[in-house]
Structures are given as C-alpha cells and as structure tokens.
1. Based on this model, can you work out whether ALA287 counts as without any contact (Cβ under 8 Å) to a residue 24 or more places away in the chain and either away from the ligand (no atom under 16 Å from the Cβ) or not small (Gly, Ala, Ser) (or both)?
2. Restricting attention to region 268-283, report how many residues are loosely packed, with under 11 Cβ neighbours inside 10 Å and among the hydrophobic types (A, V, I, L, M, F, W, C).
3. Just for region 202-228: of the residues that are part of a helix (DSSP H, G or I) and of a type in the set (Lys, Arg), which one is modelled with the highest pLDDT?
4. Kindly evaluate GLY349 against the criterion of being over 13 Å from GLN240 (Cα atoms), of a type outside the set (Val, Ile, Thr) and surrounded by fewer than 17 Cβ atoms within 10 Å (Cβ to Cβ).
5. Which is touching a Gly at 6+ places or on another chain (Cβ under 8 Å), surrounded by 17 or more Cβ atoms within 10 Å (Cβ to Cβ) and within 22 Å of GLY339 (Cβ to Cβ), of HIS245, HIS235, HIS228, HIS241?
6. Would you please list the contacts, defined by Cβ atoms under 7 Å and residues six or more apart or on different chains, that run from a residue in region 339-354 that is more than 14 Å from LEU230 (Cα to Cα) to a residue that is of a type outside the set (Ser, Thr, Tyr)?
7. Pull up region 231-253, narrow it to residues that are of a type in the set (Gly, Ala, Ser) and touching a Phe, Trp or Tyr at 6+ places or on another chain (Cβ under 7 Å), then point me to the one that is farthest from the ligand (Cβ to nearest atom).
Amino acid sequence: MLEATKTKYRTWARSRSVRLADFDYTEHAPYHVTVRARPEAAPFLRAPIAEMVCTALTDHIEQTGAYLGAFCLMPDHLHVLMSPDRSGLLLGDVIGRVKGLTTNKSWKLGWNGVLWQPRFHDHIVRKREGIAKVAQYIYENPERKGLSAGYPYRFIDPELMYRQAGIPSQGRAFRATHKGWRYIGRTSMTSPELLADQLDGTRLWTLKLIADLKGDDWTFQPAPGLAHPLWLCGHMAGSQHLLIHVRCLGKGLLDESFTRHFPIGGPVKSAKEHAYPSVETVLSTMAEVHAKTLTAVRSMSEALLDEPAFGGDGKPHPHYKDKRGVVAHCNRHEAFHAGQIAMIRRLQGKSFLR
Ligand code: NI
C-alpha cells in the first residue's frame, strides 16, 4: 500500500490494538471489527433500528465491493468480519461510512443523539486463527449470550460455513454477493424450517418479478401456446397445492373451479381463447395457498418428510422419492417458472431485477 494511505490509516488507529508493523493492508486482510453502541444504550433491541443497520451494512459493503465474511448485530454492539481490499477503500472509511449512514437513518426511526461510540476496535485475523473459525465465532455470539437460536440479525458467508464444517466448496464466489441476510446462514434451523424458508425465499423472488406487471402484461405470450404470467402464477398456486397439500398431507385446498384453468402439458391458451380468473383472484389464491403451505411445512415432522412419495400415477416420480424431496421439488419448480416470468419481463422491455 502507498505510504500516504498507510499514514492516513494510522490516524484512524489511535486507540486500536497493536498490529503488525509492516503488514501490507492491500493484501487480503480479513478484519474482525467490533463497534459499540453509545454507552448505556442498547439501540438494537429495537427491531426497526436493528433491521436498518443490517441492511445498511450489507448494502454498503456490497456497493463498495469489499468482502463480508460474517456479521452479528447484538443489542449494544456489532461484530463484522470483512476485508476492504477489493474496494480500494480503507477499513476505517468503510466502517466510518456505515456508522454515519446508520446514525442518520436511526434519527428517522426515533433514535436521539449518538448511535455509536466514536472509535471501533479491529483485529487482523491471522492465518493460524482461521477466517472460517472467526466467522463462526461471530455468528454464534447470540447463543453464547443466551439469545435465541433463531436470532435474525446476523450473516455468515455460506462458503465459510462449509469450510468450517469440513464440507467441500460449493463453488460460490468468495464474496458476499447479495443482501439476503435474512435468508442464509441460519445454521440452527430445523429441516422443516429450512424447507419453508426456501419456499418463502423463492416466493419473494416471484412476487418481485410480477410486482410491476399491468393490464395485458399478464397474458403476454412470447409465442402462441407458451405460458403467460397469469397462467404461471395460477400454475404455481396449483402445484404448491398439489405437491404439499394433496401429495404430502392428503388434503386438498383448491377445487377444480380454479385448477381447471391451468392444465399442464398442452399449449397454454391465450386470453382470447379462454376466460381466465382475474389477476386479483389468481394472486389471492396464490397468497392463501402459500401461507398455508408455510404453516404446513413448518409443522412437518422429520418422520413425515422421510415417508416415501409417489407420482400421481402411483409410480416413483423422476424428481423425488420421499416427501422431503416433494417439498424441495416444490421450491425448485417455482424457481424454474419464476425464471420464465423473468424472461417474459425482458421481452416486454422491463428492467433486469435481482
Ligand atoms: Ni410446472
């Protein structure tokens, strides 16, 4: 690193721990940073403030291109494992910006005065300590402090989690690339919770893709006989109903008056050829089935998930062999069709979403 930048960095470091004198800060240098809230205050017991800080932190780190390995926002302090090197910024600049941004936003949420203590503590993670081990230590802070296992205000790069668990790399880029801190890395989830969470994550994606569809967008077909968004949404509701409620639980929710509009296999009829239910009916049916699906999946037992499952014809299905597989397939199935909506959006000239 340039000598001038090093000097600038040292001004931030006045109160910090001893560091290696000739450490090259431009190299991959993961830091464990601790930032404390103002003394005697536990601002992050307030959910809106805690959520705002998690979002601002992950957004800012993503925007700068820095690497985020893990974070955990406790009631009165924040732990972050990060490396600023790819951003070209200094650690102090990234953390200082996050502190400033979140202080401003906290005022809009009713907080008064200072949110954080002026300085922060950082510690370079040395090779022998192991970045994955430090990430796990940060991530499991709530459990050590007696907070619940489902503590939401934290994140761990799944790649580090795999590494710490001795599981081979999943091939992800070694960088936090999305803001889904609510949806990933919750290692303490039970498998029904995880399955429900995956279904809900996919549904959020579907809802994002259809949020700006209007009028004829809903029945736009890329070519005659191909699916349109209204058909796809009806089909998603129908397939959740069939896979989760009929196939796993043996209990139907929808009747033929809805499902008959969305048959599979043949050409999909245009809005001129067929009187489809309204967008409102399809969306409310989708929402109702989804809510009941989440409740049902969360309450499934491990024993039920291990029960064998067959196709509608009573034969083994190519996509799953047990009910756990049915639920997992339900998620894959929706993600597959959400991708079709994504393509239809682009054909309509709508913007790319992520
Ligand atoms: Ni399908």
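The values are calculated or read from the model by the stated rules, or taken from the named source; none is laboratory data. A quick note: this is a predicted structure, and the numbers were derived from the prediction, not measured. Cβ placement follows ideal geometry from the backbone for every residue including glycine, while neighbour counts extend to all protein chains displayed.
1. On the way: without any contact (Cβ under 8 Å) to a residue 24 or more places away in the chain: yes; either away from the ligand (no atom under 16 Å from the Cβ) or not small (Gly, Ala, Ser) (or both): yes.
Taking the combined requirement at face value, the residue satisfies it.
2. Residues flagged as loosely packed, with under 11 Cβ neighbours inside 10 Å and among the hydrophobic types (A, V, I, L, M, F, W, C) within region 268-283 amount to 1.
3. The qualifying residue modelled with the highest pLDDT is ARG203.
4. Numbers: over 13 Å from GLN240 (Cα atoms): yes; of a type outside the set (Val, Ile, Thr): yes; surrounded by fewer than 17 Cβ atoms within 10 Å (Cβ to Cβ): yes.
So GLY349 passes the test.
5. Details: HIS245 fails: within 22 Å of GLY339 (Cβ to Cβ); HIS235 fails: touching a Gly at 6+ places or on another chain (Cβ under 8 Å); HIS228 fails: touching a Gly at 6+ places or on another chain (Cβ under 8 Å).
Matching residue, one of HIS245, HIS235, HIS228, HIS241: HIS241.
6. Note: pairs meeting the criteria are LEU347/PRO222; GLN348/ASP217; GLN348/PHE220; LYS350/ASP212; LEU353/LYS208; LEU353/LEU209.
7. Looking at the filtered set, the residue picked out is GLY234.
Okay, residues lined up against (1) within 27 Å of the chain's Cα centre (by Cα); (2) of a type outside the set (Val, Ile, Thr):
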| position | (1), (2) |
| --- | --- |
| ARG97 | yes, yes |
| LEU101 | yes, yes |
| PRO118 | no, yes |
| VAL125 | yes, no |
| VAL134 | yes, no |
